[in-house]
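Asker: The structure's right below; bear with me while I get my questions together.
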Amino acid sequence: MAVFQKDNTAVITGGASGIGLALAKRCIQADMLVIIADINADALSRAKTELSSSPRAAVETYRMDVGRAEDWTGLKTLVDTFLNGKISLLALNAGTGPPSSWSTPETFTTTISTNLFGVINGITTFLPTIQSSPYKSSIIITGSKQGITNPPGNPAYNASKSAVRTLAEHLSYDLRDNPQISVHLLVPGWTFTPLAGDDGTRDKPEGAWWPAQVVEYLEAKMREGKFYVVCPDGDVSEEMDKRRMLWGVGDLVEGRPALTRWRGEWRGEVDAWMGKGDV
């Protein structure tokens, strides 16, 4: 589905930096009308200035906490006025990933509020608008490989992104008979964003992708009609991702202990399964 076209519209949460901002730039390049929403007012201001430097720019910003249902009312109003109620592209991309442990329950609340309810609120707010539209639309939901392979270390983030994957799958299924709407689960690889350490003072690690590379890969997979958009990066190939995911499912199917990929006593079997690739 060719969404990136002149006079189409986009609503992007987490749009002030990283992948969201790269996606907004791609939309501006296609002469689309764009709304970017973010909780960071300073980042929104910088993004507005950067995006508006294009002579073709038509962009508005909206500061919000995606985890608060009431904040979506104002965004809905802006969509109705600035975009005339038309949404060609809804990108539910806002995310956070602070360290979490069993001794920091407040982190679970914050992370799940943003990562999970930011998606739930976006869908429940705008799905009626999209379904009632005569135009074709695409919904992009940003997940994470951590919500699939579940590496130890940040249970709040992993749980939130696992739930996001489930929601995206259900949405895709529920809309299966509507050819006007496509749903895509974007699963980035290692991407150099503020969430991954890009504070403006560091060079991009060699193995990481730029956010624009993720958007380019996403667009190609959207044109192919793919729901799962699992991005490789400079260190991890598509084949490595597939084998890692298959190993994780094997824990359940084979009755192994949980998360054997990271257990020392299973290292030999995991290495053999992965072949020459890193585990």
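Asker: From the list Glu206, Glu169, Glu219, Glu106, pick out the single residue that is assigned to a loop (DSSP other than H, G, I, E, B) and more than 13 Å from the chain's Cα centre (by Cα).
Answerer: Result of the check over Glu206, Glu169, Glu219, Glu106: Glu206.
Asker: Only one residue in Val249, Val236 is in a helix (DSSP H, G or I) and either on the phi > 0 side of the Ramachandran plot or aliphatic (A, V, I, L, M) (or both). Which one?
Answerer: Selected residue: Val249, the only one of Val249, Val236 that is in a helix (DSSP H, G or I) and either on the phi > 0 side of the Ramachandran plot or aliphatic (A, V, I, L, M) (or both).
Asker: Another one. Quick check on my filter: what residues within segment 172-195 are under 10 Å from Phe227 (Cα atoms) and more than 14 Å from the chain's Cα centre (by Cα)?
Answerer: Ser172, Ser182
Asker: Of everything in segment 231-279, what is touching a helix residue (DSSP H, G or I) at 6+ places or on another chain (Cβ under 8 Å), modelled with pLDDT under 95 and of a type in the set (D, E, K, R)? Give them in sequence order.
Answerer: Asp278, the sole residue that qualifies.
Asker: Also, I was wondering about something else. What are the pairs with Cβ atoms under 7 angstrom where one residue, in segment 41-57, is modelled with pLDDT under 85 and the other, located anywhere, is buried (at least 16 other Cβ atoms within 10 Å of the Cβ)? Sequence gap at least six, or different chains.
Answerer: Note: pairs meeting the criteria are Ser54/Ile28; Arg56/Ile28; Ala57/Ile28; Ala57/Leu51.
Yes/no matrix, rows are residues, columns are (1) surrounded by fewer than 17 Cβ atoms within 10 Å (Cβ to Cβ); (2) free of Cβ contacts under 8 Å to residues at least 60 places away in the same chain:
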site: Tyr217; (1), (2): no, yes
site: Arg223; (1), (2): yes, no
site: Cys231; (1), (2): no, yes
site: Arg244; (1), (2): no, no
site: Leu252; (1), (2): yes, yes
site: Pro257; (1), (2): yes, yes
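Each row is one residue, and each column tells you yes or no for (1) surrounded by fewer than 18 Cβ atoms within 10 Å (Cβ to Cβ); (2) in the same structural domain as Asp174 (by TED's automatic domain parsing); (3) out of contact with any Ser or Thr (no Cβ under 7 Å at 6 or more places or on another chain).
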residue: Glu50; (1), (2), (3): yes, yes, yes
residue: Tyr62; (1), (2), (3): no, yes, yes
residue: Arg68; (1), (2), (3): yes, yes, yes
residue: Leu78; (1), (2), (3): yes, yes, yes
residue: Thr81; (1), (2), (3): yes, yes, yes
residue: Asn93; (1), (2), (3): no, yes, no
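Asker: Next question, about the same structure. Residue under question is Ile139, and the condition is that it be farther than 28 Å from Trp102 by Cβ, assigned to a helix (DSSP H, G or I), touching a residue at least 12 places away in the same chain (Cβ under 8 Å) and among the β-branched types (Val, Ile, Thr); does it hold?
Answerer: No; evaluated as a whole, the condition is false for this residue.
The values are calculated or read from the model by the stated rules, or taken from the named source; none is laboratory data. If you're wondering where the values come from, they're calculated on a predicted model, not measured in any experiment. Neighbour counts run over all protein chains shown; Cβ positions are idealised from the backbone, glycine included.
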